[in-house]
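All remarks here apply to the structure that follows.
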Amino acid sequence: MKGPLDTEPYKGVRDFYPENWGKLSALFATARHTLASWGYEEYQASPLERAELYESKGNEEIIREQTYTFEDRAGRRVTLRPEMTPSLARMVAGKRRELAFPLRWFSIGNRFRYERPQRGRLREFFQTDVDLIGLPAGEADVEIITLAHTLMQAFGASPKDFTIRINSRALLSRACEAVGLTDDEGVRAYWQLLDKKSKMSAEEFEQARGNTPDPLKAVEDATDSKVKAEKENVFALIETLKTRGIENVSFDPEIVRGFDYYTGVVFEVNDTSPENPRALFGGGRYDGLVSMFGGESIPAVGFAFGDVTLMDFLETHKYELPSLSSPELYIATPSVDDIEQAQAFANTLRPSLRVFVNLSEKKVGDQIKDADKRHIPLVLVYGKDEQGSATVSVKELSTGTEHTISKETAGAEIAKLLPR
Ligand code: AMP
């Protein structure tokens with residue numbers, strides 16, 4: 001062996017030390033709470049999938065260039081899931097006779113894509129997938145997009161800081177037909193190009209489009225009756241969302257989303273700040289995916305958001321997600337003899353607070369420095385005097401302010417001192 005092993009993680013993936021994992025857990029907890037309150041249930045699957053799952057209706061680019069695919073010891077081709085929707089479709093198809101439709105399901109877990117690591121893009125990231133399965137377009141699409149909006153607000157975002165841009169694959173398909181672009185390959189190539197349009201200059205896009213007819217023009221003109229009808233469907237959806245109080249939605253004929261399985265509405269949530277150009281959420285309707293596993297098709301609509309882009313968004317706009325696991329109160333113990341009493345007192349507080357009790361023999365001054373280093377905002381010394389008293393004194397480390405608090409109501413009283 002050449003020297004000691006590297007402590008850095010593998011390229012494009014992250015370690016989560018408790019402080020960061022606490023933040024991410026807070027994000028997940030907020031998502032879980034919000035989704036459960038809308039009647040969505042959590043499911044889970046292994047990140048190991050058969051490679052073939054992605055090969056018929058996924059996304060060419062992801063499959064060709066971005067999957068982690070390998071052979072297991074028995075020669076089976078295995079892929080680390082790059083996205084959740086195919087696993088979801090597999091699970092739904094596998095129990096289609098037993099499940100009570102419509103399903104409102106969500107899942108939070110890691111996804112793997114062999115991408116060039118950059119801002120907003122990593123090789124392992126966490127996605128929350130939210131899906132409503134078993135209902136056609138209409139109220140189901142409205143609910144799913146409303147839920148994306150609701151989640152953003154639950155994370156503390158103000159609607160002025162993000163936009164929801166909506167388009168329709170059905171509209172794009174009709175527009176392609178209207179301009180004579182009908183072969184599958186040509187349509188797919190055009191969509192891939194359109195998907196990248198926002199990252200290109202107008203000239204680059206026109207050059208890459210070459211002689212391909214322009215479906216965007218057909219969307220704009222809407223002279224073709226089928227194009228017109230689909231365009232009206234998208235506008236009706238946007239109108240409904242607006243009348244229900246969602247103002248930051250708009251039509252964007254250039255939204256495609258990468259996956260081949262989308263059949264109806266497609267949408268993205270974007271940061272209004274140019275610092276974060278990548279989509280925060282992406283989703284759409286995929287009415288044909290479940291029938292890949294046989295049987296009748298089951299209509300479905302859903303979206304996913306990733307932790308990387310969302311955390312960048314929250315940081316850019318200075319939204320603080322509270323950690324759900326970092327201690328809130330540090331109990332200093334002047335002597336090891338005080339630990340038993342300190343733990344007993346801590347237990348009376350623990351239903352309302354996350355309490356850290358010092359077990360070391362450090363001097364009280366050093367324990368306070370320790371609390372500061374751990375970013376614990378409140379400190380209480382629990383020596384002999386406090387053990388015999390009906391009150392304790394709690395210090396806010398950020399300001400040095402001390403508060404005398406009755407032991408009887410200490411849990412609730414100390415909780416009120418926490419920074420908001
Ligand atoms: P997609 O599954 O490609 O439709 O993307 C949905 C969301 O997942 C995006 O809006 C991002 O938030 C996130 N996402 C996709 N790919 C990555 C990646 N390589 N790294 C981090 N987040 C990603």
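Applying the criterion of being at pLDDT 95 or above and not hydrophobic (A, V, I, L, M, F, W, C) to the residues of region 276-286, the residue that is nearest to the ligand (Cβ to nearest atom) is Gly282. Considering only residues in region 292-303 that are surrounded by 20 or more Cβ atoms within 10 Å (Cβ to Cβ) and under 25 Å from Arg113 (Cβ atoms), the one that is nearest to the ligand (Cβ to nearest atom) turns out to be Phe303. Taken over region 145-178, residues that are crowded, with 18+ Cβ neighbours inside 10 Å and either without any contact (Cβ under 8 Å) to a residue 12 or more places away in the chain or among the hydrophobic types (A, V, I, L, M, F, W, C) (or both) amount to 16. When region 258-275 is limited to residues that are more than 18 Å from Ser56 (Cβ to Cβ) and out of contact with any Leu (no Cβ under 7 Å at 6 or more places or on another chain), the one that is nearest to the ligand (Cβ to nearest atom) turns out to be Glu268. Checked against the criterion of being within 13 Å of the ligand (Cβ to nearest atom) and either part of a loop (DSSP other than H, G, I, E, B) or closer than 25 Å to Gly288 by Cβ (or both), region 23-36 contains not a single residue that satisfies it.
Evaluation of Thr182 against the conditions (1) closer than 25 Å to Val269 by Cα; (2) in a loop (DSSP other than H, G, I, E, B); (3) of a type in the set (S, T, N, Q) shows that the sole unmet condition is (1).
Reported count of residues in region 198-235, each being of a type in the set (Gly, Ala, Ser), surrounded by 12 or more Cβ atoms within 10 Å (Cβ to Cβ) and part of a helix (DSSP H, G or I), is 4.
Starting from region 219-235, keep only residues that are in contact (Cβ under 8 Å) with a residue 40 or more places away in the chain, then list their pairs with residues that are hydroxyl-bearing (Ser, Thr, Tyr) and crowded, with 18+ Cβ neighbours inside 10 Å whose Cβ atoms are within a distance under 6 Å, requiring at least 6 positions of separation or different chains. Between residues of region 219-235 that are in contact (Cβ under 8 Å) with a residue 40 or more places away in the chain and residues that are hydroxyl-bearing (Ser, Thr, Tyr) and crowded, with 18+ Cβ neighbours inside 10 Å, the close pairs are Glu230/Ser168; Val234/Ser168. For region 42-66, a residue qualifies if it is polar (S, T, N, Q) and at pLDDT below 95, and the qualifying residues are Ser56, Asn59, Gln66. None of Leu321, Leu310, Leu289 is more than 13 Å from the ligand (Cβ to nearest atom) and buried (at least 21 other Cβ atoms within 10 Å of the Cβ) except Leu289. Those strands (runs of 3 or more DSSP E) of region 303-420 that lie entirely within it include none in which at least 2 residues are of a type outside the set (Asp, Glu) and modelled with pLDDT under 95. Looking only at region 80-110, which residues are basic (Lys, Arg), in contact (Cβ under 8 Å) with a residue 60 or more places away in the chain and farther than 19 Å from Glu143 by Cα? Arg90, Arg96, listed by residue number.
The values are calculated or read from the model by the stated rules, or taken from the named source; none is laboratory data. This one's a predicted model, so the numbers in the text were calculated from it and none came from an experiment. Heads up, the Cβs are rebuilt from the backbone with ideal geometry, glycines too, and the neighbour counts pull from every protein chain shown.
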